[in-house]
1. To test your reading of the geometry: what angle, between 0 and 90 degrees and rounded to tens, separates the Cα axis of helix A:41-52 from the longest principal axis of chain A?
2. Compute the distribution of all C-alpha to C-alpha distances in the stretch B:137-233, in bins of 5 Å from 0, and list the percent of pairs in each, rounded to whole numbers.
3. Using only helices, what value at 222 nm comes out for chain A when you add -39,500 (n - 2.57) per DSSP H run of length 4 or more and divide by the total residues, to the nearest 500 deg cm²/dmol?
4. In terms of modelled amide H atoms, which long-range or inter-chain residues lie less than 5 Å from the amide H of B:Asn267?
5. Please list 3J(HN,Hα) in residue order for the stretch B:25-34, calculated via the Karplus relation 6.51 cos²θ - 1.76 cosθ + 1.60 where θ = phi - 60°; whole Hz, with x for glycine and proline.
6. What are the radius of gyration and Dmax of chain B, computed over its Cα atoms and given in Å?
7. Mind listing which trypsin sites (Lys or Arg not before Pro) in the stretch A:87-131 are in a DSSP loop and have 14 or fewer other Cβ atoms within 10 Å?
8. Calculate log10 I(q)/I(0) of the stretch B:202-261 for q = 0.15 Å⁻¹, where I(q) comes from the Debye formula with a single equal point scatterer on each Cα and nothing for solvent.
Amino acid sequence: MANVTSAKKAQEPAKRLEFSPQAREKIAWLYTRYPTRQAALLPVLRIAEREFGGIGPAAIECVARELEISPGYVWGVFTFYTHYRRETDGKYILQVCSTLSCALRGCQEIVRHLSGKLGIQPGETTPDRRFTLKKVECLGSCDTAPVMQINDDYHENLTLEKLDQIIDRLP
Amino acid sequence: MPYADYKTFEKVLTRHADQPGSHTLDFYLGHGGYEGARKAVTQHTPDQIIDIVKASNLRGRGGAGFPCGLKWSFVPKGSAKPKYLVVNADESEPGTFKDRVLIERDPHAIIEGMLIAAYANGARISYIYIRGEFVKGYCRLVEAVKEAYQKGFLGQKIFGADFSLEVTVHRGAGAYICGEETGLLSSLEGQRGLPKIKPPFPAVEGLFRCPTVVNNVETIANLQHIILRGADWYRSIGPEKGPGPKLLCVSGHVNRPGTYEVPLGINLLDLIDDLAGGIWKGRKVKAVIPGGSSAKVLAAHELNLSMDFDTLAAAGTMLGSGGVIVMDETTDMVSALYNLMRFYHHESCGQCTPCREGTGWLEKIVGRIYHGRGRMEDLDLLLNICDQMVGKTICVLADAAAFPCESIVKKFRPEFEEMIRKGKGHERRVFPVAGGPLIQIGALSRHNQERREEQHPMKESALKRAPAPVGGLHD
């Protein structure tokens, strides 16, 4: 996370986040499903992702406090995985699959088109924080290539026209 | 050996997958659901189940093709530790999308298989590890598990017997390496998904350092049919040493990409030409990856093969996860390899030096050839690096990167040499809509629309043909 430097953290004391009672209830249930608290880390990060609208240093602190493990450890696990929403991400994360089967069916056109339409490169977020464009690896939907995932939803058999419609119709 | 007859083959795993509501418990019970698990739990001892599965010659469907019954028999008997069952639904091998059909269309078949596997192995706690991207599949599984608990198929005293099972659906978060069984277990323990050295194998010391059976979704889905119809029936489908129905995924340059349930032993040409509708745009085939991107590539003249574990292994490649990626004659193989090497470099967990550095080097060197800055000696360098990677790491990701690299460089060497010779002056064919010049963005949408129109009528007509592609029917 290049944009979250320790210097920045030192300047602005991270705001303290707390889970809502509903989230606590879910976490308590998770503890009953695993023999260790740590094993609930991935699902708890999912809860944090939803709860705080994305994961950043403050959310990491909160998860670490909850699970009684060090924030450094949580940060290490969090950054290993690519699919969590980061607090710097836009409202819609456009994840375009760019592995072989999608590449054979034209995912580059999709990326190029989105890049041109939104004025950002893969990995960037629009200034209004509405869209983040990402090139991701195989989404496991190669038969309907090219494929893009917007937040939780798959959009398959993409054409540029379909793509325009999808983007324009997002609320 | 004759090829398996796929035309008269009666679908087993996906027989209901294209019917509306197939994911609900009501539908499932209406079509003989949970009878296999009931029979297993009420009429057999755990050891009998292991013997039946051994006799069926069922081989794991995740990629390695290890005999399932044998894997189960490694779980120590009489250990005081709890035993775990983990279902690997982290389907992430490029070119593979078979488990998704089962997860989304038939989640109760997975739960039923888990009951049988857990009963046989003495596991009372189980997890389904599903990849983070499959949100719909995750919801379907969670819903199915909930229904199963409500109707008493999970929990305590299942089928009135002294047998209990807890199932938790655990969602991953985007990491290819978590499909490797020990990486998956690390991830399930709340760690980075780093694979662990074997032995000890998970059957002896796996999840939370307890004996753990890890099975692929498709393997698990086969169990109820083996219990209900017997090992002899199962062995009669396809080659005896690795029999059964198999979901094969065809993607890339074919007219009808999709998931096809076929008997193992189908001819690869029949799969591509008949079921998948042949190569698109009337072109010829150039190369096929037969078992997910980690398998060695086959050139056009090598395709007359039986799709089963042993034949493909003898041909120097593997059935792997059954992801068949087809590339037509216009495909730029340097570009295809560059794409794959980027994938493996991105997904290497970074634990072992040969893999962490090796995948990076492969990507970099193939990249410089692709960008017209290659040197002739790079080709031998690539092969040398591959040689330094295979078998030298904790898990097989390094091998998985080296196999396609080695085979593509060896089998398509003239293409690489030509690109190196021409250097930056090389007139690059645009991959993937390959063949034509780069189309300007404005003109592209019409072009694409036309391209889709010529391609899509197939989807409709495909439904009328038997067997229908399951993958085209995600609702």
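The values are calculated or read from the model by the stated rules, or taken from the named source; none is laboratory data. It should be emphasised that the depicted structure is a prediction, and the values quoted were computed from it without experimental measurement. Methodologically, a virtual Cβ is constructed for each residue, glycine included, from the backbone with ideal geometry; neighbour enumeration extends over all protein chains shown. Just the protein is used for accessible areas: all its heavy atoms, side chains included, with ligands, DNA and RNA removed. Shrake-Rupley method; radii C 1.70, N 1.55, O 1.52, S 1.80 Å.
1. Helix A:41-52 sits roughly 80 degrees off the main axis of chain A.
2. 3, 11, 15, 18, 20, 17, 12, 4, 0
3. -13500 deg cm²/dmol
4. Residues meeting the amide H criterion: B:Ala4, B:Met307.
5. 5, 4, 4, 4, 5, x, 10, x, x, 6
6. So, for chain B, Rg and Dmax equal 22.7, 74 Å respectively.
7. Sites meeting the loop and neighbour criteria: A:Arg129, A:Arg130.
8. Reported log10 I(q)/I(0), two decimals: -0.69.
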